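Inspection log for the structure reproduced underneath, given as structure tokens.
The values are calculated or read from the model by the stated rules, or taken from the named source; none is laboratory data. Since the model is a prediction, treat every value here as computed from it, not as a measurement. Cβ placement follows ideal geometry from the backbone for every residue including glycine, while neighbour counts extend to all protein chains displayed.
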Amino acid sequence: MNDPAGSTSAPIRSSGVSRIPLRGRRFGVAASVVAALAVVAAACMPASAPWTSDVPSGRLDDASLDASGTKLSLRGWAGDRNASGPIRVAVYVNGEMQLPLVLADRSRPDVLAATGAGARSGFDVTLQVPKSSKVQVCAAAVNVGPGDHALLGCLDATPVAKAAPNAPKSTTTTAVPVVDCDAELEPGVDLSGCDLSGVDLEGAQLSGATLVGTSFQGARLLDADFSGADLRGADFDYLITNADLGWWSGTTLSGSDFTGADLTGATMRRSALMFVILDSADLTGVDLTDAALVDFSAAGTIWSDTICPDGTVSDEACEPIRP
């Protein structure tokens with residue numbers, strides 16, 4: 001699989017009478033399309049390194065025509081750190097913008113694993129095109145908030161060859177996943193992307209574990225040790241709903257990386273949270289009562305109805321405090 005954080009570009013040809021600029025070059029688009037989608041009619045920048053700037057991130061991974069040369073399939077991913085959800089992608093075939101815009105909302109665990117974000121940032125679409133032996137496809141991410149639209153790449157698509165009559169069917173070998181979701185719960189284990197929803201992990205020793213994109217929804221984590229764990233993009237959505245003490249009570253999380261993690265509604269009372277990274281994490285409705293929230297990083301963190309360690313409810317960053 002191509003590096004999801006990479007970028008590609010190719011010469012861009014133009015056609016038609018009305019054009020919009022894209023990364024200093026021009027695509028032909030009908031005047032009615034420009035009027036209908038003026039938001040895209042601005043100069044694009046190259047896609048940024050994932051989630052590091054106001055320019056969207058992404059890549060056009062591949063494009064191909066079917067054997068008839070009339071169906072174009074393309075796949076890639078796109079995301080914007082300023083967006084609260086999936087963003088849209090403009091597709092150009094031989095310089096002409098296609099309608100409607102494509103929503104990049106498909107699962108991309110490889111992007112999440114490589115960048116710590118973008119779990120649902122993929123697009124995979126098939127378009128009907130005039131019969132052709134080759135078309136050029138370009139994709140651009142529509143910017144959200146500050147910044148510019150971003151060129152995700154351009155590729156030439158050609159028809160796939162028809163299989164000869166009675167030819168043996170080809171087989172595709174899928175690599176065996178390197179992550180064993182049934183592995184022993186021990187320090188340093190890799191459980192990235194595993195579903196641990198509702199699992200009783202009381203007292204689990206997961207210090208230094210790799211838990212990128214792992215789901216802990218409704219899991220019991222009383223006195224568990226996550227110190228130094230990589231929890232980027234992990235899902236702790238509504239970890240508990242009815243427990244006075246909270247299933248995070250006494251849990252050690254010091255030094256853990258929660259970049260982009262969904263902690264919505266989690267009860268993290270009395271948790272040890274020294275030196276944690278909460279960048280871009282969602283702390284909506286999180287209960288941090290009496291948590292040891294000390295020396296933490298919180299760039300782009302969502303604070304909404306968050307109960308801070310001192311018991312106050314805040315929509316802004318909690319003040320560091322030692323219980």
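Details
- Listed by first and then second residue, the pairs linking a residue in region 243-260 that is within 13 Å of Ala204 (Cα to Cα) to a residue that is surrounded by 20 or more Cβ atoms within 10 Å (Cβ to Cβ) and at pLDDT below 75, with Cβ atoms under 6 Å apart and 6 or more places separating them unless they lie on different chains, are Trp247/Ile240.
- Count - residues of region 170-198 that are assigned by TED's automatic domain parsing to the domain that holds Ala234, of a type in the set (S, T, N, Q) and modelled with pLDDT under 80: 1
- Scanning region 290-323 for residues that are surrounded by 14 or more Cβ atoms within 10 Å (Cβ to Cβ), aliphatic (A, V, I, L, M) and outside any loop (DSSP other than H, G, I, E, B) gives Ala292, Leu293, Ile302, Ile307, Ile321.
- With respect to (1) without any contact (Cβ under 8 Å) to a residue 24 or more places away in the chain; (2) out of contact with any strand residue (DSSP E or B) (no Cβ under 6 Å at 6 or more places or on another chain); (3) not acidic (Asp, Glu), the lone exception for Val286 is condition (2).
- Tally, over region 277-289, of residues that are surrounded by fewer than 24 Cβ atoms within 10 Å (Cβ to Cβ) and assigned to a loop (DSSP other than H, G, I, E, B): 5
- Filtering Thr284, Thr251, Thr267 for residues that are of a type in the set (S, T, N, Q) and under 18 Å from Thr214 (Cβ atoms) leaves a single hit, Thr251.
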